[in-house]
Amino acid sequence: MLVDEPAIDREFTYLLPPELASGRVPVSVGTIVRVVLNRRRLRGWVTELDAPLPADLELAPISSVVGVGPPPHVVDLARWAAWRWAGTRAHFLRTASPDRVVKGLPATRPVNPRDVVPDDPADTPEWVSDAFGAESAADAVARSVGGDRLPTVVRLGPCADELPLVVGALRHGRSLVLVPTVAWAARLSGRLREAGVTTALAPRDWAGAAAAHAVVGTRAAAWAPCESLDTVIVFDEHDEAYQEEAAPTWNARDVGVERARRDGARCLLVGPMPSPDALVLGGRAASGPDADPRLDADGHADPDSLAGAIAVAASTVITAARPVEREAWPRLQISDRRHDDPATGEWCGEALAELLRSDGTVVCVLNRTGRARLAYCASCGELARSRTSGRALRLERQQFTDPDSGDVRPAVCEFCGAMRFRRARVGVKGVAEEMERLARRPVTQVVGEPASRVGTGAGTADAGAGTSSGRRQARPQAGQAALYIGTEAVLHRLHSADAVAFVDFDQELTAPRYRAGEEAFALLVRAARLVGPRSGGGTILVQTRLPNHPVLTAAAGADPSDWLRVEIERRSAMRQPPASTWALVSGAAAPRYVDNLSAGLHAAELDIAGPADGTWRIRSDDQVLMLDALAAAERPSGRLRVAVDPLRA
């Protein structure tokens with residue numbers, strides 16, 4: 001058995017007394033029990049039965065059987081995840097276990113797809129509205145394949161209805177559906193239940209997930225105790241909510257893909273903007289059941305093989321008809337700040353000023369509460385960026401500093417030769433005060449804490465309006481404030497808006513993170529869902545000095561294909577995930593752990609850099625080699641964090 005103590009990642013052998021073996025809860029692999037270890041009473045999981053008994057050793061008995069735990073196939077999945085994200089099995093088994101004691105599971109019966117959704121399209125319920133145009137969602141699911149040749153990448157507009165895909169999956173049997181937010185999961189599970197589908201909302205209905213036809217949930221639902229699955233669907237597979245912030249930094253998307261592979265199930269990775277990681281997974285599937293796009297025919301790392309596999313995956317992405325997909329995106333208006341009159345001010349261009357004076361509900365997003373480091377030319381308005389990475393340079397004492405390389409050069413504009421630059425300094429609070437004077441109506445701030453109104457005429461914020469607890473505020477009624485300013489948290493607080501304006505989108509596009517473009521695209525997806533489809537008249541306004549950036553071009557055209565190509569080429573050239581596998585190592589014990597890695601068998605094939613701010617970066621083009629090296633290195637005692645392929649790096 002394995003005790004529930006992540007620092008003790010080893011199994012112990014205990015004796016199962018006959019009275020416990022024949023108790024109310026049947027003991028099997030995954031059952032939760034209590035044992036005494038070093039005079040401590042600990043919870044743990046059974047990992048093997050009828051193990052060979054040690055010679056001349058008296059075994060201590062199991063103290064009690066607590067209840068039902070993860071099924072055997074999930075216990076084995078935790079073993080794989082511990083290798084994949086350099087963690088311990090106890091971390092994953094905790095997530096896979098119920099938060100309350102479960103003494104038994106409901107009876108599992110075979111799933112008859114006809115009992116869930118009729119075969120005849122004419123009998124399809126009215127609540128199923130197709131979102132794929134000429135090709136139905138059921139056909140899109142049917143084009144995906146099971147077994148080892150998976151997953152299939154599906155591109156679905158941000159305002160399209162996801163239900164047809166779920167219904168198409170249910171036609172093939174038991175399905176696991178992952179979504180990034182609790183509200184989304186609750187809404188989808190409610191719609192399925194209203195239609196008569198046996199649905200479990202995981203992890204709340206942990207026991208029901210073992211027998212439900214449809215299991216819907218967020219990140220933890222990837223570990224639901226489902227029996228053999230027929231389909232796995234991950235909506236918005238690019239979303240950061242799927243990755244655990246604390247180490248081990250596991251990703252529910254990848255767990256779902258692995259579960260589908262083991263069950264021989266269909267797997268669909270769905271989103272408005274397929275991520276490079278999804279195309280790598282799809283490229284591996286499209287290249288063959290045993291192919292790894294990171295390896296050539298001799299088993300060595302080959303960047304051309306990776307690019308080839310991704311190209312195959314990109315050509316097999318399932319998309320809706322172009323008019324249908326375009327309708328699922330709102331209108332995107334790009335405001336080029338380089339052409340604005342300097343008298344309009346630092347943060348507000350002419351297009352934004354006109355929008356703020358309108359009568360609709362307007363949400364302004366500014367991911368800055370303090371002073372920014374961006375600088376732009378006072379003469380031509382061009383943003384100061386790195387020549388190699390394209391990221392924003394830092395202006396310090398009339399010199400530019402590259403945030404990646406640390407290189408320093410004089411503050412001279414590369415476009416017009418001017419030497420005068422302006423900083424973007426105003427944060428949410430300062431913008432809110434100026435915005436109220438400009439718009440002449442109340443403004444509500446949302447910065448991840450309880451919302452507050454600014455200005456003398458605004459009064460006090462309504463209770464629960466955009467609070468940090470995650471509750472959403474309904475669309476304001478007549479007489480309420482209809483103008484909001486905040487960080488990206490504001491996009492999660494409201495249900496709808498007439499327009500969303502990004503005050504300074506260059507801060508997102510040039511952020512010093514390798515996924516900056518992907519994160520910026522994700523913000524546009526969230527804003528699109530807030531304003532609704534194109535036919536609804538909603539608008540997204542983007543203020544930028546980079547109007548031709550691939551992210552903006554892709555969102556304006558409702559087609560991320562060109563952006564994906566550019567993004568993958570850039571990451572491959574700079575050896576960033578998914579072209580390479582990264583591990584960030586930090587903590588008090590990090591120096592000793594890195595020394596152990598450097599002395600390991602595969603040390604010569606690892607790129608070890610650092611420390612920078614107490615963090616080492618381990619990089620390899622061979623994912624399997626990297627993970628084997630991390631697993632083989634001895635972990636010293638002390639605080640240690642190993643983050644494999646972190647999204648924020």
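For ARG385, list long-range residues whose amide hydrogen, built 1.01 Å from N in the peptide plane, is under 5 Å from its own amide hydrogen. Residues meeting the criterion, in which the H sits 1.01 Å from N, are LEU393. Taken as Cα centroids, region 381-438 and region 186-218 sit 49 Å apart, rounded to the nearest whole angstrom. One way to sum up the overall shape of region 2-96 is the equivalent ellipsoid from its Cα gyration tensor, whose semi-axes run 22, 16, 13 Å, largest first.
For LEU541, nonlocal amide neighbours, meaning residues 5 or more places apart or on other chains whose placed amide H falls under 5 Å from its own, are GLN333, VAL500, ALA501, PHE502. Note on region 61-85 and region 508-544: Cα centroid distance 40 Å, given to the nearest whole angstrom.
When only alpha carbons of region 581-644 are considered, Rg and Dmax amount to 10.4, 29 Å. With a cut-off of at most 14 other beta carbons within 10 Å, and DSSP calling the residue loop, which GluC sites (Glu not before Pro) in region 1-106 qualify? Please list them. In loop regions of region 1-106 (DSSP not H, G, I, E or B), the sparsely surrounded GluC sites (Glu not before Pro) are GLU48, GLU58. The separation of region 254-280 from region 1-60, counted between C-alpha centres, amounts to 35 Å.
The ellipsoid that matches the Cα gyration tensor of region 549-598 has semi-axes, each √(5λ) in whole angstrom, of 37, 11, 6, with the longest given first.
Rg over Rh for region 531-649 works out to 1.17, both radii taken from alpha-carbon positions and Rh defined as the Kirkwood radius.
In a simple Cβ point-charge model (Lys, Arg +1; Asp, Glu -1; nothing else charged), region 581-644 has a dipole of about 340 debye relative to its Cα centre.
Any read-out appearing in this document is the output of simple, stated calculations on the displayed coordinates, not a laboratory observation. As the structure is a prediction and not an experimental result, all values here were calculated from the model. With ideal geometry, Cβ positions are generated from the backbone for all residues, glycine too; neighbour counts draw on all protein chains shown.
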